[in-house]
1. Going by the structure shown, is ALA291 farther than 21 Å from TYR187 by Cα and touching a residue at least 60 places away in the same chain (Cβ under 8 Å)?
2. Please enumerate the residues belonging to region 41-78 that are in contact (Cβ under 8 Å) with a residue 60 or more places away in the chain and in a loop (DSSP other than H, G, I, E, B).
3. For region 56-84, what are the residues that are surrounded by 12 or more Cβ atoms within 10 Å (Cβ to Cβ), over 21 Å from VAL145 (Cα atoms) and within 27 Å of the chain's Cα centre (by Cα)?
4. Every residue in region 390-409 that is assigned to a loop (DSSP other than H, G, I, E, B) and either at pLDDT 95 or above or among the β-branched types (Val, Ile, Thr) (or both), please.
5. When region 128-162 is examined, which residues are found to be assigned to a loop (DSSP other than H, G, I, E, B), touching a Phe, Trp or Tyr at 6+ places or on another chain (Cβ under 8 Å) and either at pLDDT 95 or above or not hydrophobic (A, V, I, L, M, F, W, C) (or both)?
6. Please determine, by comparing only the residues of region 264-278 that are part of a loop (DSSP other than H, G, I, E, B) and in contact with a strand residue (DSSP E or B) (Cβ under 7 Å, 6 or more places away or on another chain), which one is farthest from THR228 (Cα to Cα).
7. Report, by residue number, each residue of region 190-217 that is among the charged types (D, E, K, R) and outside any strand (DSSP E or B).
8. Kindly evaluate LEU294 against the criterion of being surrounded by 19 or more Cβ atoms within 10 Å (Cβ to Cβ) and more than 16 Å from the chain's Cα centre (by Cα).
Amino acid sequence: MELKKNEIYTSEIIDYTTEGNGICKINGAAVFVPNAAVGDTAEIRIVKTEKKFAYGKIEKIITSSHDRIEPDCGIFRQCGGCNFRHISYEAELSFKQKRVSDALTRIGGVGVDVIEKIVGAPENSGYRNKAQLPITKDRDGKIRVGFFAPRSHRVIPLDRCALQTPVFNKAIDIFLEWANDAKVSVYDEVQHSGVLRHLYLRYAAKTDELMVCIVANADSLRKEKMLTEKLVESLPNLKTVVLNTNTEKTNVITGKKCRNLYGDGYITDELCGLKFRISPLSFYQVNRDQAEKLYEIAAEFADLKKGETLVDLYCGTGTIGLSMSNQVGKLIGVEIIPQAIEDAKKNAERNNIINSEFICADAALAAVKLHKMKIVPDCIILDPPRKGCDSSLISTVADMSPKRIVYVSCDPATLARDVKLFAENGYHVVRAVPVDMFPRTTHVECVVLMTKSD
């Protein structure tokens, strides 16, 4: 029987989608239901139908799942920043473990015995050391900050976020008080007018250093000295205040131009015993503590020895490779983004690492070049973007014949696709460890070790 829009059906939630929506079966069709928990039995209203599936929403929960908990955020369902504030953290980890295992076994052809237990986070709230908050006005004309609602540019105003470090809260309060008192205009992306675009905050947990950055459609701000004075007076751990100018008609958050209103324009944090300088435009892991765990697993898998050569493709600002540099004779990092390569070189200098070399190039082309130069790496680290590796890169990496390949992935599906291609090129997975870098969201990282088959 065909499902009808606005009709209400009773069904049990049996699984989750990769986006965190619940799945139930009604009249043989899959129905995707947000804010559902596996084990819920609920009355579900159909809100949209397609040929082979439908979308629904919960009208009434008849029997609650044992995993369901009361969300600790008032706008959890509107914001979209979190997916799993309504289920226990144990249930969330179980979902992520299953997601990685299903992808690697079904798509990648990997044996379930090599997939180890997920590394959960000791803290599943307050872990984010970075906030990029769009600025808006509420119905009363008051300037607020918030988050974009899912799949839209409609800002949901909020003053607090459970995922972000509480250190940001005071800075947000001071900024909003200044913005409303100074009557600074708010950017309108349709009209491309107004000044304030985003409030951008970064925090270095190990050193307790705070950065406040204002992204503006202007080179200066009204009463910017007043803002700086208020921040400096109230925030003892404030290291720098930066104005980032973005006058482009774009949804890219930051522009290329920064001006320091206070301090040197950066904060410094420590990761795996190394110091990293973080500017508004620098990449840095948003969950520092879990990043250390992930890097430790990657280092264990790499099993490096003095005199060996390590190649870090997609090296970004060099954090993974540099954290292992003291174990090898030579580190070669590759990254296509020029700013990231400059940051990687500076990170090596400030940590007195002299056995590293960084190349600005596409990973696939750089791998071909290194192969032609007869550089034979003992280990290659791959940490590609969500889309995974290009098939030509996989072939070139296999041709370089490293003893070990360590693949750090942020997407189980593309990871599974790539390890299958590696298997066709003679490399097979011997260990895989999921790591929860982003609690309360659907995202899950995984570290995989591949070695050449006999």
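1. Numbers: farther than 21 Å from TYR187 by Cα: yes; touching a residue at least 60 places away in the same chain (Cβ under 8 Å): yes.
Yes, satisfied.
2. Taking region 41-78 and keeping what is in contact (Cβ under 8 Å) with a residue 60 or more places away in the chain, we get 72-73, 75, 78.
Passing the criteria: ASP72, CYS73, ILE75.
3. Selection gives ASP67, ARG68, ILE69, PRO71, PHE84.
4. So in region 390-409, the residues assigned to a loop (DSSP other than H, G, I, E, B) come out as 390, 400-403.
Listed by number, the residues that qualify are PRO402, LYS403.
5. Our first condition is that a residue be assigned to a loop (DSSP other than H, G, I, E, B); within region 128-162, this holds for 129, 138-142, 149-154, 158-162.
Still in the running and touching a Phe, Trp or Tyr at 6+ places or on another chain (Cβ under 8 Å): 129, 154, 158, 161.
Correct list: ASN129, ARG154.
6. Of the residues in region 264-278, the ones part of a loop (DSSP other than H, G, I, E, B) are 264-266, 272-273.
Going one step further and asking which of them are in contact with a strand residue (DSSP E or B) (Cβ under 7 Å, 6 or more places away or on another chain), we end up with 264-266.
Details: ASP264: 14, GLY265: 13, TYR266: 15 Å.
Only one residue tops the list, namely TYR266.
7. Let us first name the residues in region 190-217 that are among the charged types (D, E, K, R), namely 197, 202, 206, 208-209.
Across region 190-217, the qualifying residues are LYS206, ASP208.
8. Working: surrounded by 19 or more Cβ atoms within 10 Å (Cβ to Cβ): yes; more than 16 Å from the chain's Cα centre (by Cα): no.
Taking the combined requirement at face value, the residue does not satisfy it.
The values are calculated or read from the model by the stated rules, or taken from the named source; none is laboratory data. Treat the numbers as computed from the prediction; the structure is a model and nothing was measured. Neighbour counts are summed over all protein chains in view; Cβ atoms, including those assigned to glycine, are modelled from backbone coordinates with ideal geometry.
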